Amino acid sequence: MYDVAVVGLGAMGSAALYHLAARGARVVGIDTNTPPHTLGSTHGRTRIIREAYAEHPSYVPLVRRAYANWSALEAASGITLFRRTGGLMLGPPGGALVSGAAESARERSIDVELLDADGVMSRFPALHVDAGMVGLVEKSAGILFPERCIEAHLALARGLGAEVQCQTQVMALAHGADGVRLMTTNGAISARKIVMATGPWTSELLAMLDVSMALEVERQTVHWFDASGNGDVLTAGKLPILMIEHEPNRVYYAIPDVGDGLKAGIHHEGATVTPVSVNREVTATDVEPVERLTRRFLPSAAATPRESAVCLYTNTLDENFVIDTLTDAPNVVLLSACSGHGFKFASAIGEIAAQLTLDESPALDISHFSAGRFN
Ligand SMILES: Cc1cc2nc3c(=O)[nH]c(=O)nc-3n(C[C@H](O)[C@H](O)[C@H](O)COP(=O)(O)OP(=O)(O)OC[C@H]3O[C@@H](n4cnc5c(N)ncnc54)[C@H](O)[C@@H]3O)c2cc1C
């Protein structure tokens with residue numbers, strides 16, 4: 001009997017496994033694949049982390065805890081996991097992106113600077129900005145390296161005694177008063193509690209418990225562009241991470257070149273799929289709108305990407321996370337922390353999952369991430 005079994009060892013599960021092992025719990029992590037891998041939500045080499053959180057000020061304490069935990073993980077693993085680049089939220093002054101980030105900055109005392117279009121272009125020469133747009137600049141934003149983060153969490157968890165079973169799929173779950181029984185492709189496992197961190201596969205796992213939740217899996221594509229000339233204006237150091245509200249509630253984002261080209265994509269606007277049915281090939285229809293927006297805002301990038309990839313979002317109805325113990329299966333802690341913006345928080349969410357499963361009080365208020373809010 002394990003204290004806790006963590007199902008899914010991507011961004012969230014690997015972090016949960018580490019924090020459970022660090023607390024001395026008898027813990028096993030199980031994954032169908034061998035994380036990090038390219039079939040879920042946590043590949044593509046870079047992720048944005050930002051503090052002046054446009055989505056809602058209530059995310060700020062969580063991201064602050066995540067920054068501290070990433071930094072501790074970096075120190076413990078000796079692996080570089082984060083690069084500070086600063087961040088730029090660009091759009092119309094009253095748009096959701098800039099005004100949301102400004103509200104978080106105001107409410108949580110985050111040091112930001114507001115620039116007009118000319119100010120943005122003179123600060124960041126690679127950018128071409130529409131007249132009337134404004135840019136909110138924050139210093140603490142930057143880039144996380146997601147595959148390395150997973151590797152670091154798993155390696156340290158193993159070092160602390162966690163068992164890891166990759167290439168092992170959970171096929172069925174049965175929960176009772178004394179715990180959960182997991183039927184896997186490598187045999188049965190019993191645990192007092194489980195952390196369910198199965199990303200785009202979560203609906204399948206919830207169905208094993210007869211629990212349903214409205215989760216939508218959305219196909220996304222990302223693209224890497226070389227610079228068209230020899231300049232270094234697209235590199236980290238010259239360009240911040242950026243998000244641009246180019247039309248109301250439509251967001252394009254880019255991550256500066258850290259050695260493999262400028263990375264760009266469109267946030268949401270993808271097809272609803274399943275991890276089985278999704279087309280994992282990038283098509284011309286995927287590339288064309290990203291090329292157009294890149295040409296418009298970052299004209300020194302090459303006209304076509306050198307590489308593209310398909311990735312998956314798992315969206316809740318309100319695009320906020322679920323981090324909660326399930327009412328109908330009280331031995332199960334569910335982590336559905338995606339909706340396209342979850343990675344940056346993984347180091348903090350893993351810690352909260354450990355607290356929830358070991359009956360500690362979570363150090364942060366997670367009431368707004370309750371599963372019950374959709375009832
Ligand atoms: C294109 C793209 C860009 C993004 N950009 C950002 C960003 O810039 N900043 C940010 O903060 N967030 C970003 N996100 C969101 C972020 O990447 C996700 O929130 C995060 O990766 C979700 O991790 P996860 O652990 O929930 O899922 P995953 O990493 O997909 O892990 C789920 C794991 O569960 C395993 N699994 C599934 N079913 C079973 C089973 N039956 N048995 C055993 N194992 C199973 C899978 O093999 C997988 O390893 C982005 C996402 C995408 C797709």
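The values are calculated or read from the model by the stated rules, or taken from the named source; none is laboratory data. Please read these numbers as outputs of a predicted model, since none were measured by experiment. Ideal geometry is used to build each Cβ from the backbone, glycine not excepted, and the neighbour counts take in all protein chains shown.
Just a yes or no: is a residue in region 291-307 basic (Lys, Arg), more than 16 Å from the ligand (Cβ to nearest atom) and in a loop (DSSP other than H, G, I, E, B)? The answer is yes; a qualifying residue exists. Whether any residue in region 68-87 is touching an Asp or Glu at 6+ places or on another chain (Cβ under 9 Å), of a type in the set (Ser, Thr, Tyr) and within 11 Å of the ligand (Cβ to nearest atom) is what I want to check. Scanning region 68-87 turns up no residue that is touching an Asp or Glu at 6+ places or on another chain (Cβ under 9 Å), of a type in the set (Ser, Thr, Tyr) and within 11 Å of the ligand (Cβ to nearest atom). Would you say residue 240 is away from the ligand (no atom under 11 Å from the Cβ) and within 22 Å of the chain's Cα centre (by Cα)? Judged against the criteria, residue 240 is a match. Number of residues in region 52-78 that are closer than 24 Å to residue 151 by Cα and over 14 Å from the mean Cα position of the chain (by Cα): the value is 12. Summed over region 1-47, residues that are among the hydrophobic types (A, V, I, L, M, F, W, C) and under 24 Å from residue 141 (Cα atoms) total 4. Checked against the criterion of being within 12 Å of the ligand (Cβ to nearest atom) and outside any loop (DSSP other than H, G, I, E, B), the candidates 188, 207 yield just one match: 207. Considering the conditions (1) outside any loop (DSSP other than H, G, I, E, B); (2) under 21 Å from residue 346 (Cα atoms), residue 51 is excluded by exactly one of them, (1).
Within region 309-325, being more than 11 Å from the ligand (Cβ to nearest atom) and of a type in the set (Ser, Thr, Tyr) holds for 316, 325. With respect to (1) farther than 24 Å from residue 25 by Cα; (2) modelled with pLDDT of 95 or more, the lone exception for residue 189 is condition (1).
Among the residues of region 310-363, the ones that are surrounded by fewer than 24 Cβ atoms within 10 Å (Cβ to Cβ), touching a residue at least 60 places away in the same chain (Cβ under 8 Å) and among the hydroxyl-bearing types (Ser, Thr, Tyr) come to 2 in all. Select from region 1-19 the residues that are more than 20 Å from the chain's Cα centre (by Cα) and either within 16 Å of the ligand (Cβ to nearest atom) or not in a loop (DSSP other than H, G, I, E, B) (or both) and list them in ascending order. Within region 1-19, 2, 3, 4, 5 qualify.
Which ones in region 199-231 are surrounded by 15 or more Cβ atoms within 10 Å (Cβ to Cβ) and within 30 Å of residue 127 (Cβ to Cβ)? Within region 199-231, 218, 219, 220, 221, 222, 223, 224, 225, 226, 227 qualify. The residues of region 29-57 that are assigned by TED's automatic domain parsing to the domain that holds residue 322, buried (at least 24 other Cβ atoms within 10 Å of the Cβ) and more than 6 Å from the ligand (Cβ to nearest atom) amount to a single one, 29.
If the condition is being more than 22 Å from residue 43 (Cα to Cα) and part of a strand (DSSP E or B), then region 324-365 contributes 324, 325, 326, 329, 330, 331, 332, 333.
Only residues that are farther than 18 Å from residue 128 by Cα and touching a residue at least 12 places away in the same chain (Cβ under 8 Å) were counted across region 248-281, and they come to 18.
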